[in-house]
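J.: I'd like to ask you about the structure that follows.
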Amino acid sequence: MTLFEKKLIEYIPNLRRYAAALASNSHCHADDLVQDTLERALIKNSLWVRNSNLRAWLFTIMHNLFINQVNKANLYALESIDDHQESHISAEDPTQDYFVAQLKQQLECLPMRQKEVMLLISLEGFSYEEVAKILDIPVGTVMSRLHRSREKLRQSLFRENISPLRQVK
Amino acid sequence: MRDDISNTEIHAYLDQQLTPEQASEFEERLKKDELAQKKLADYQIIEQSIDGLYQPVFDEKIPAHLLNTCEKKSYNYLAIAASVLFFVIGWLSSAQNNSFNTPNNNSLAQDLETPAIFAHSIYSVEKLHPVEVKATKQEHMNHWLSKRLKTTLKAPNLSKHEFELVGGRLLPSTNERMAAQFMYQDNNGERITLYIKRGEWQTKETAINHTQKQIKNERFNVSFWVDDDLGYVLTGKTSKATNQILSESIYQQMSLNTTPLVALR
């Protein structure tokens, strides 16, 4: 196995986590997105500059593939929750469970562009500059999208008089 | 010193984008700004919850097909074309014998799945002698079956999923080979069997496949997979979801337990 392949395997858990979060309300399957990303990375292997940021490069590929798929089918307008996603919610603490369920639902309601920014920062801990490069947008846009998405979640999760949740079918 | 804390600063602090000096200056000003404190605390909870929500995916065992993708050494268009060709050939031949549910090769269906389901249908209904060696003699059973199958075999523990080991038996199988069958039972008397057979499988590692089979008006959910030279089949009337959970648990336990003692043949 080459060094490149070894490094690729190292980042599979990161890619899977991001894909699961990203694709949770679209019809594309998270692991298919990961698979496509890995295949594309192997084909474009020569385009990766040695010792440059491989993780950011992989997320760039995944972002482009995801956008293509979304554009192709305009998938993200559709709402559906994968069965297996539900199983990640632990049933041990009912209040925690409720909060997490709410969070999940609110995340799915976020516009895809805001969600991407927030997930790259929250889950992957990328810097604002890295996110700007991955998504090919100015740093200022990263910051405004980040604020908008976080504030939206905060408003819906922590408002004092929370209106009843919309039921998910 | 500025007084108002901007939203941008709160995010930058939360995301550790500030220099240590900027961060300590921010912390000073934060003490006087209750609204910013509240926002920061809320954002922190959201961050931690998002992390928690997707951590299980991160911790999961990497699916075999993704690992395989990375391990293809000479990855080129020729390989893709070849795999497409194989897929088409495979599809055509499987379409002919109507076993599209069993990808990759026929021997998995003929030499693993079919005998396993048959063995399940024979022994899972048995009242007096469901197993050859009872779970009370588990250590002896593991040792014996390991010796006969020439591998290290240990009945996986499924108590966590409310299935208790009943026991196991040795079975004849196709191609002059033997197989081991472990039987489990839950509180309602529902039985599942795990069939394990050593063989020269065309694929060294497959994903966990799920399918449904009908024998004499009874429907079974079947999960089967290959890990190295061992083929596994889990059969039961349990739901597909339960089967999936059980299979994953077995897969994980077995990959820790088994190491072939002697080379095949």
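The values are calculated or read from the model by the stated rules, or taken from the named source; none is laboratory data. Values in this document were obtained by computation on a predicted structure and should not be read as measured data. Neighbour counts are summed over all protein chains in view; Cβ atoms, including those assigned to glycine, are modelled from backbone coordinates with ideal geometry. Each accessible area value is taken on the protein alone, full model and side chains, heavy atoms only, with ligands, DNA and RNA left out. Shrake-Rupley method; radii C 1.70, N 1.55, O 1.52, S 1.80 Å.
J.: Run B:Glu162 past the list (1) under 19 Å from B:Ser223 (Cβ atoms); (2) in contact with a Pro (Cβ under 9 Å, 6 or more places away or on another chain); (3) open to solvent by 40 Å² or more (accessible area, probe 1.4 Å) and report the number of the one that doesn't hold.
T.: Of everything listed in (1) under 19 Å from B:Ser223 (Cβ atoms); (2) in contact with a Pro (Cβ under 9 Å, 6 or more places away or on another chain); (3) open to solvent by 40 Å² or more (accessible area, probe 1.4 Å), B:Glu162 misses just condition (2).
J.: If I go through the stretch B:1-46 residue by residue, how many of them are in a loop (DSSP other than H, G, I, E, B) and over 41 Å from the mean Cα position of the chain (by Cα)?
T.: 11
J.: Also: Can you pull out the residues in the stretch B:52-70 that are over 20 Å from the mean Cα position of the chain (by Cα) and within 7 Å of chain A (Cβ to nearest Cβ)?
T.: B:Leu53 - this is the single residue of the stretch B:52-70 that is over 20 Å from the mean Cα position of the chain (by Cα) and within 7 Å of chain A (Cβ to nearest Cβ).
J.: Among the numbered conditions (1) at the interface with chain A (Cβ under 9 Å from one of its Cβ atoms); (2) open to solvent by less than 30 Å² (accessible area, probe 1.4 Å), tell me where B:Ile45 comes up short.
T.: Answer for B:Ile45: the failing condition is (2).
J.: Just the residues that are surrounded by 14 or more Cβ atoms within 10 Å (Cβ to Cβ) and not hydroxyl-bearing (Ser, Thr, Tyr), please, taken from the stretch B:1-22.
T.: First, the residues of the stretch B:1-22 that are surrounded by 14 or more Cβ atoms within 10 Å (Cβ to Cβ): B:5, B:7-15, B:17-18.
Residues satisfying the conditions are B:Ile5, B:Asn7, B:Glu9, B:Ile10, B:His11, B:Ala12, B:Leu14, B:Asp15, B:Gln17, B:Leu18.
J.: Testing A:Cys28 on (1) in a helix (DSSP H, G or I); (2) at pLDDT below 75; (3) within 14 Å of the chain's Cα centre (by Cα); (4) of a type outside the set (Ser, Thr, Tyr), one condition comes back false. Which one is that?
T.: (1)
J.: Moving on. Go through (1) surrounded by 18 or more Cβ atoms within 10 Å (Cβ to Cβ); (2) farther than 28 Å from B:Glu60 by Cα and name the single condition B:Ser146 misses.
T.: If we test B:Ser146 against (1) surrounded by 18 or more Cβ atoms within 10 Å (Cβ to Cβ); (2) farther than 28 Å from B:Glu60 by Cα, just (1) comes out false.
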